[in-house]
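Worksheet: the structure to be examined is printed underneath.
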Amino acid sequence: MPRSLRSLLILLALSASLSGCGTVNEKLSSGMGDYVPQWAGGLPADAPPRAGTPQYDAYMKERERKRLMPAADREKEEQAQKGATGSASGTVVR
């Protein structure tokens, strides 16, 4: 087998294997990010839910409700939520 033909076949095999990895990773990466811990580069705890899920619809309704709320009422609600979660997070031992 001539050397140039062997080189061409090796190059063809490498390019086919790399393109196959690209399509597999594209499909896996869309869902695997949900399962990777935050410390390893996964989604942060305050990330919104994925589009198309029932949690996303509820999240968007709540966001729209807050957007339509007057600023003074919104600030009071945010302070009340921070106060409720702040007391619970203060007991966490690290």
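Odds and ends about this structure:
- Residue within the range 18-25 that is modelled with pLDDT of 75 or more and open to solvent by 80 Å² or more (accessible area, probe 1.4 Å) present: no
- Every pair of residues 6+ apart whose Cβ atoms lie under 6 Å, when the first sits in the range 49-60 and is free of Cβ contacts under 8 Å to residues at least 12 places away in the same chain while the second is hydroxyl-bearing (Ser, Thr, Tyr) and open to solvent by 70 Å² or more (accessible area, probe 1.4 Å): PRO49/TYR59
- Subset of the range 26-36 that is open to solvent by 60 Å² or more (accessible area, probe 1.4 Å) and assigned to a loop (DSSP other than H, G, I, E, B) - its residue that is modelled with the highest pLDDT: TYR35
- Residues (in a loop (DSSP other than H, G, I, E, B) and open to solvent by 70 Å² or more (accessible area, probe 1.4 Å)) located in the range 49-82: ARG50, ALA51, GLY52, PRO70
- ALA80 being hydrophobic (A, V, I, L, M, F, W, C), modelled with pLDDT of 85 or more and either out of contact with any helix residue (DSSP H, G or I) (no Cβ under 6 Å at 6 or more places or on another chain) or within 24 Å of ASP34 (Cα to Cα) (or both): yes
The values are calculated or read from the model by the stated rules, or taken from the named source; none is laboratory data. No experiment lies behind these values; they were computed from the predicted model shown. With ideal geometry, Cβ positions are generated from the backbone for all residues, glycine too; neighbour counts draw on all protein chains shown. To get the accessible areas, we keep the full protein, side chains included, count just its heavy atoms, and leave off ligands, DNA and RNA. Shrake-Rupley method; radii C 1.70, N 1.55, O 1.52, S 1.80 Å.
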